[in-house]
Amino acid sequence: MIDDLDLGFDERDRGEKGKHRRSAVRKRKGKSGGGGRTVLALLLAFVLLGAIGGGAFYGFDRVQSYFVTPDYDGAGAGEVTIEVKQGALIADIANVLYSAGVVKSAQAFIDAAEENSRSKNIQPGTYKVRKEMSGESALGMLLDLKNKIVNGITIPEGTTAKRTYKLLSEKTKIPVEDFEAAAKDPEALGVPDWWFKRNDGKKVVKSIEGFLYPDTYEIPPKATAEVILKEMVSNFLTITGKMQFAERVEKERGGISPYEALIVASLAQAEAGTKADLGKVARVAYNRVYGEFPCNCLEMDVTVNYHLELTGQKTKTSAEMSQSELVDTRSPYSRKLRGLVPTPINNPGKDALEGAMDPPEGKWLFFVAVDKEGNSEFAETVEQHERNKDKAREAGII
């Protein structure tokens, strides 16, 4: 990072340590870019001419270096790749450009950005630019999306970690085994240890499942499996942090830990057919496990499928599952075991997280999809549930 940028000249020419702020870009009246300082430099130069004659040319150069922002002329040459990170400020981008030899000073880019209201439209990502460009030219290249290196991939909501590795491998040509190896230590990828806390008495299993936030990601050149997964975890922490997911769960969900709520979010993501039903499905999961459901078990077929995928077997529809698979309690992801499963069963999106964090009130214990759009009917009793299943049969859903 380059410090001491605000004065508008290269401190190394003076040998002084910064006496100015490094934080915000200062707003100036009128045109920026050193116009007023140039006039002052010329006036001082005339004084020097009058005082010391021909030697004033040397004095002019020194004065001008103090008051004029160092900047290259023109569009530069060659090629260099730079990265604009998510949330980067203009000053941050200026430092990156200066460090890469793109602009002569960070202030040159800052001045150009201040004069162009479109500078706020610079998108995060990786760009091809040139070396030794003027600040204005560098800004123009970052605003032209033709210079952005697009290597994006979208991870859909509800994608399991195993499926995520496969999608990332297909995009990057990084072996799936590299992603699996990197994922073995979730805390090394940035998951705080406090996330792996349970209040339900179940053994904690530290898995990356649930923390690989589904989104569209731009893969940096030469990125490793570890770098990519760290970015996904960082995105998860950012999203849940803005939602105050952990704080609200601990405060509002009656002793349920954030990790347990994350598991419920993944269940809702897998089971709900529509966005509107995510919160209701989460409420059913809470009611079954922590309420008056006879077995306090989930009885959700999606947990059976998750175990099949984990063990390299083909997943099945509910109709394809045998009775033995539905009642088998040898799997830790059995639908008949008491309490929640050991880990999330996929990576839920924001809507599912919100549904688990703040589910609607209701005593529902059952639900079934009743139309081809995926809408479900919810019931508190077996009798109500059977009537809803009749609707589903009439619609050809089950």
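See the values below:
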read-out: Bins of 10 Å from zero: percent of alpha-carbon pairs in the stretch 97-256; value: 9, 29, 25, 22, 11, 3, 0
read-out: Equivalent ellipsoid, the stretch 119-206 (semi-axes from 5 times Cα gyration tensor eigenvalues, Å); value: 39, 18, 12
read-out: Cleavage-rule hits, trypsin sites (Lys or Arg not before Pro), the stretch 319-398, DSSP coil, Cβ neighbours within 10 Å at most 14; value: Arg330, Lys363, Lys372
read-out: Assigned charges on the beta-carbon of Lys, Arg, Asp, Glu; the stretch 192-238 dipole about Cα centre (debye); value: 320
read-out: Equivalent ellipsoid, the stretch 249-323 (semi-axes from 5 times Cα gyration tensor eigenvalues, Å); value: 24, 14, 13
read-out: The stretch 196-325, accessible surface, carbon-and-sulfur percent (1.4 angstrom probe); value: 49
read-out: Cross-link partners of Lys197 among lysines (Cα-Cα below 17 Å; sequence separation of 8 or more within a chain); value: Lys206, Lys251
read-out: Debye, to nearest 20: dipole size of the stretch 359-398, +1 on Lys, Arg Cβ, -1 on Asp, Glu Cβ; value: 100
read-out: Share of carbon and sulfur in the accessible heavy-atom surface of the stretch 330-398 [1.4 Å probe, %]; value: 46
read-out: Relative pair counts by distance (%), Cα atoms of the stretch 351-398, 10 Å bins; value: 28, 43, 26, 2
read-out: Members of Lys202/Lys350; Lys128/Lys275; Lys146/Lys372; Lys171/Lys372 lying beyond 30 Å, as alpha-carbon distances in this model show; value: Lys128/Lys275; Lys146/Lys372; Lys171/Lys372
read-out: Computed FRET value (nearest 0.05) for Glu386 with Lys251, which takes r as the C-beta separation and R₀ as 35 Å; value: 0.40
read-out: 17 Å Cα-Cα reach of Lys184 towards aspartates and glutamates, excluding residues that sit fewer than 8 places from it in its own chain; value: Asp193, Glu209, Glu226, Glu231
read-out: Pairwise FRET efficiency - Asn151 versus Ser117, Cβ, R0 = 41 Å, nearest 0.05; value: 0.90
read-out: Tail weight of P(r) past 20 Å, computed on alpha-carbon pairs of the stretch 67-154, percent; value: 24
read-out: Projected-area average for the stretch 235-373 over all orientations - Cα convex hull basis, square nanometres; value: 8.8
read-out: Distance (nanometres) between label positions extended 7 Å along Cα→Cβ at Ala100 and Ile398; value: 5.6
read-out: Relative intensity, log₁₀ I(q)/I(0), of the stretch 64-115 from a Debye sum that treats every alpha carbon as a point, q = 0.13, 0.15, 0.16, 0.21 Å⁻¹; value: -0.32, -0.42, -0.48, -0.80
read-out: Nearby aspartates and glutamates by direct alpha-carbon distance to Lys230 (threshold 12 angstrom, same-chain neighbours under 8 apart not counted); value: Asp185, Glu187
read-out: Extension gain from Ser322 to Asn375, taking 0.36 nm per residue of separation minus the Cα-Cα distance; value: 16.5 nm
read-out: About the Cα centre, charge dipole magnitude for the stretch 270-398 (Lys/Arg +1, Asp/Glu -1 at Cβ), debye; value: 300
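The values are calculated or read from the model by the stated rules, or taken from the named source; none is laboratory data. These numbers were taken from a predicted model, which means no experiment stands behind them. Quick reminder, even Gly has a Cβ in these numbers, built from the backbone with ideal geometry, and neighbours come from all protein chains shown. These accessible areas exclude ligands, DNA and RNA; they are computed on the full protein's heavy atoms, side chains included. Shrake-Rupley method; radii C 1.70, N 1.55, O 1.52, S 1.80 Å.
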